[in-house]
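Engineer: This is the structure I want to talk about, given as structure tokens.
The values are calculated or read from the model by the stated rules, or taken from the named source; none is laboratory data. Everything numeric in this text was worked out from a predicted model, so none of it was measured. For neighbour counting, all protein chains shown are included, and Cβ atoms are generated from backbone atoms with ideal geometry for every residue, glycine included. We work out accessible area using only protein heavy atoms, side chains counted, and drop any ligands, DNA or RNA first. Shrake-Rupley method; radii C 1.70, N 1.55, O 1.52, S 1.80 Å.
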Amino acid sequence: QVQLVESGGGLVQAGGSLRLSCAASGSVFSGAPMAWYRQAPGKLRESVASITSSGIINYADSVKGRFAISRDNAKNTVYLQMNSLKPEDTAVYYCLLIQFGNHFWGQGTQVTVST
């Protein structure tokens, strides 16, 4: 079983920064594809950033230039550095790991950006 534990969410003013962390444990292979998603009330869950086992990174257009995804394979942890935060970034952020065709989700962490 794979377990994902997220941390780093909170309340921040517009223009501020936060760093989210997602630590994977259990039967997980080093370098498994991982991603960050977010979901705001009344909206679909959307992909924010992803990183593959080979290190290929993709970002949603709405966060390009502001967010950065990275990983530490030794710690089985993925990070999301969020800079220049905007109120429209307010959402619950979820960590995703894919292994053996299965999707594993974290519990979600709330990010609130105030004006």
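Engineer: Just the residues that are open to solvent by less than 10 Å² (accessible area, probe 1.4 Å) and either of a type in the set (Asp, Glu) or within 13 Å of the chain's Cα centre (by Cα) (or both), please, taken from the range 85-95.
Structural biologist: Of everything in the range 85-95, those that are open to solvent by less than 10 Å² (accessible area, probe 1.4 Å) and either of a type in the set (Asp, Glu) or within 13 Å of the chain's Cα centre (by Cα) (or both) turn out to be ASP89, ALA91, TYR93, CYS95.
Engineer: Inspect the range 66-85 for any residue being modelled with pLDDT under 95, outside any strand (DSSP E or B) and of a type in the set (Val, Ile, Thr) and give the result as yes or no.
Structural biologist: No; the residues of the range 66-85 include none that is modelled with pLDDT under 95, outside any strand (DSSP E or B) and of a type in the set (Val, Ile, Thr).
Engineer: Among the strands (runs of 3 or more DSSP E) confined wholly to the range 1-61, which include 2 or more residues that are in contact (Cβ under 8 Å) with a residue 24 or more places away in the chain?
Structural biologist: On the way: elements: 2-7, 10-13, 18-26, 34-39, 46-51, 57-59.
By residue number, 2-7, 10-13, 18-26, 34-39, 46-51.
Engineer: Let me ask another. Tell me whether the range 25-32 contains one or more residues that are at pLDDT below 95, of a type in the set (S, T, N, Q) and touching a Leu at 6+ places or on another chain (Cβ under 9 Å).
Structural biologist: Yes - at least one qualifying residue is present in the range 25-32.
Engineer: So if I check each of GLY15, GLY9, which one is in contact with a Leu (Cβ under 8 Å, 6 or more places away or on another chain) and open to solvent by 50 Å² or more (accessible area, probe 1.4 Å)?
Structural biologist: Details: GLY9 fails: open to solvent by 50 Å² or more (accessible area, probe 1.4 Å).
Every option except GLY15 fails the conditions.
Engineer: I'm trying to understand the selection: among the residues of the range 97-115, which are open to solvent by 60 Å² or more (accessible area, probe 1.4 Å), under 19 Å from ASN76 (Cβ atoms) and among the polar types (S, T, N, Q)?
Structural biologist: The answer is ASN102, GLN107.
Engineer: In the range 18-42, what residues are open to solvent by 20 Å² or more (accessible area, probe 1.4 Å), hydrophobic (A, V, I, L, M, F, W, C) and under 23 Å from SER114 (Cβ atoms)?
Structural biologist: LEU18, ALA40
Engineer: Still on this structure: Could you count how many residues in the range 43-61 are open to solvent by 60 Å² or more (accessible area, probe 1.4 Å), modelled with pLDDT of 95 or more and not basic (Lys, Arg)?
Structural biologist: 6
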